[in-house]
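Computed from the coordinates by the stated procedures, all read-outs in this text should not be read as laboratory data. None of the values given here were measured: they were computed from a predicted structure. A quick note on method: Cβ atoms are made from the backbone with ideal geometry, for glycine too, and the neighbour counts reach across all protein chains shown.
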Amino acid sequence: MTKLSTLNEAVASIPSGAHLALSGFAITRCTMAFAREIIRQGIKNLTISQCVGAMDADMLVGAEAVTRLIYGGGSLDRFGRLNCVNRGIEEGTLAAEEYSSLSVAFRYLAGSLGIPFMPIRSLRGSDLMAQLKEKSGSNLANITDPFTGEDWPVLRPLLPDVAVVQVQVADQEGNAWIMGPRWDNPEQVRASKRTIVIAERIVTDETIRQNPERTMIPGLFVSHVVELPFAAHPTSVYRVYDYDAEQIQTYVEATRTPESFRAYLDHYVFGVRDHWEYLERVGGLKRLNSLQADPVLGY
Amino acid sequence: MDFDYTPSELMAVAGARELQDKEVVAVGLGLPVVASFLAKQTHAPNMTILFELGVIDPQPVDCGVGLADPRVWYRANVLSSFVDILGEVLHRGRVDVGFLGGLEVDQYGNLNTSLLGEPKGKFRHMIGSGGANDIASCAKRTIIIMRHEERKLKKAISFITSPGFITGGDSRAKVGLAGGPSRVITDKAIFGFHPDTKQMMLISIHPGITLEDVLGTMGFSPVLPEQVPYTEPPTREQVRLIREVIDPQHMYMGKD
């Protein structure tokens, strides 16, 4: 069954107030075209989760589309911090639930397995734990191990409404290959009620069946498949294209104040009709071609 | 001595010397990467390097801007996931050494990478944990590497992101954590921890630095043994490897 959709259709399936698990990690495989379309369609009050905060989440927070963020900290690597996320936390406009990478991964894992909670060794003795426990409706508690009598922190499962995952290759049913490290993406997909796959390239069912061991997302979890080249730009997609350092720098500069970020959104998000116009605005084929990955290096 | 080295190069070399052959090392970006690759290319060829997002034993040929840069994943043995690296390797108890940087550290080796200021008042939010809390909680020992400044080596830090010995003594064991920090390496000195009180303890001072330099630029008094030797300087070959092979573009080492 084909699940091929336009980006417009896939984004329109998301109601305001939904909880989205996004596939980005810092500046790689971020769901950027998706985030830009969310902003254009005016979808608001989102909860966003990911193990390590990334550029897709930061842009959505800066565009005031997010009320709650569940994450394990994050940055844009050497390019800078998550300015929009940090500002939201400092000013109290963003409700952030802050963990470590593994504790968010374990919350997804518990969700993916359908188990009621997940014990973890991390967080003990830290202010992360103290801060999480202070929050009303805390997702962290303690339990006595029935076998040893030891005390263990336990995490509530995370069950997002939709996982949105940027991949290299998928077929029209949503069977998808993720090349390179996958960080929290497999557990995000399996914990979520459904998944939107954004693929750089759609291939035939036969292509997938020739190398099924590469399939990291089974189509059975997937509701929409969107084919969209350079959908993660300006972040990288391993073995397809490198990050666009100039454009990430432009973003970091723009996010320093709410006013300059508003101007960025006007230029790169509201000022273009769709993803294709965005790609022209950032330099078109000439620029994008220069980012193509070397087949040996993968970047 | 007939060659120069920078404070950062000495820190990286001191870090490398803490790593043993065949150890499994979870690495954060920056100086820990240089120290780990240096150890691997010299005395510890059978060491295993882990990056939290799902990378085992890469052999990069270019420097990266961070763990999210495919340059640092190049020629890995395994590309997998958080649950694999932080869960099935680290949480399972197979990581010998965690190698971390930080914004602030206190006398018990607790690390702050979350915020500067008052957590309940005015503060600046920084990076947060990433895998640092997991590594500090689950590795058999942790090595901390950071600049030696009064605003970084503090009696009380704003926020404990990653636990060291918490409030000292047996407080870490009491919350159910083994391991803990074994070394703090700065650009002036190397510290260990007192076996009973778990307070930071001076182990060696870098060549050209005085005890007054060390103590006058930190916010608490470390335990002082009677004899404090000088840190062994880098060898010519270690400095050559850092400059020519590991970090030719000065991506990790800074410009000092």
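Data table
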read-out: Fewest-first sequence of A:Cys51, A:Cys30, B:Cys63, A:Cys84 by Cβ atoms within 10 Å of each Cβ; value: B:Cys63, A:Cys84, A:Cys30, A:Cys51
read-out: Pairwise FRET efficiency - A:Arg281 versus B:Val61, Cβ, R0 = 30 Å, nearest 0.05; value: 0.35
read-out: Tail beyond 29 Å, pair distance distribution of the protein assembly as shown (Cα, percent); value: 52 percent
read-out: Exposure proxy order (Cβ contacts within 10 Å, fewest to most) of B:Val245, B:Val239; value: B:Val245, B:Val239
read-out: Interatomic Cα distance distribution for segment A:116-155, bins of 10 angstrom, percent; value: 29, 56, 15
read-out: Phi-based couplings in Hz for segment A:231-245 (Karplus 6.51, -1.76, 1.60; Gly and Pro marked x); value: 5, 8, 4, x, 8, 8, 10, 3, 6, 10, 8, 7, 5, 9, 4
read-out: Those GluC sites (Glu not before Pro) in segment A:121-178 that DSSP places in a loop and that have at most 16 other beta carbons within 10 Å; value: A:Glu150
read-out: Alpha-carbon radius of gyration plus Dmax, which is the widest Cα pair, for chain A in Å; value: 19.0, 64
read-out: J(HN,Hα) series, segment B:100-108, from Karplus relation 6.51 cos²θ - 1.76 cosθ + 1.60, nearest Hz, glycine and proline x; value: 10, x, x, 7, 9, 9, 9, 5, 9
read-out: Considering only chain A, percent of DSSP beta bridges that pair antiparallel, nearest 5; value: 30 percent
read-out: Average beta carbon contacts from partner chains per residue of B:56-69, 10 Å cutoff; value: 5
read-out: In Hz, Karplus ³J(HN,Hα) per residue of segment B:79-88 (6.51, -1.76, 1.60; θ = phi - 60°; x = Gly, Pro); value: 10, 9, 8, 4, 4, 5, 6, 6, x, 6
read-out: Segment B:87-180: trypsin sites (Lys or Arg not before Pro) falling in loop per DSSP and having at most 16 other Cβ within 10 Å; value: B:Arg92, B:Arg94, B:Lys120, B:Lys122, B:Lys140, B:Arg151, B:Lys155
read-out: Cα gyration tensor, segment B:1-140 - rounded (a/c under 1.5), prolate or oblate; value: oblate
read-out: Rounded, prolate or oblate (a/c below 1.5 giving rounded, otherwise prolate when a/b exceeds b/c) for segment B:44-85 by Cα gyration tensor; value: oblate
read-out: Order of B:Leu100, A:Leu109 under a 10 Å beta carbon neighbour criterion, fewest first; value: A:Leu109, B:Leu100
read-out: Charged-residue dipole, Cβ positions (Lys, Arg, Asp, Glu), segment A:80-122 about Cα centre, Debye nearest 20; value: 180 debye
read-out: Charge dipole magnitude, Cβ of K and R +1, D and E -1 - the protein assembly as shown, Cα centre, debye nearest 20; value: 760 debye
read-out: Overall form of segment B:7-246 per C-alpha gyration tensor (a/c, 1.5; a/b vs b/c); value: oblate
read-out: Rounded FRET efficiency, nearest 0.05, which uses the C-beta distance separating A:Phe147 from B:Lys140 and R0 of 25 Å; value: 0.60
read-out: Out-of-range pairs (alpha-carbon distance over 29 Å; input A:Lys133/B:Lys188; B:Lys120/B:Lys155; B:Lys122/B:Lys188; A:Lys44/B:Lys122; B:Lys22/B:Lys154); value: A:Lys133/B:Lys188; B:Lys122/B:Lys188; B:Lys22/B:Lys154
read-out: Dipole magnitude of segment B:29-95 about its Cα centre (Cβ charges: Lys, Arg +1; Asp, Glu -1), debye to nearest 20; value: 160 debye
read-out: Virtual spin-label span in nm between B:Leu211 and A:Ser260, 7 Å along Cα→Cβ; value: 4.8 nm
read-out: Residues of segment A:6-27 with amide N under 19 Å of a point placed 7 Å along Cα→Cβ from A:Ala95; value: A:15-22
read-out: B:Gly109 long-range amide H proximity, modeled H, under 5 Å; value: B:Phe165
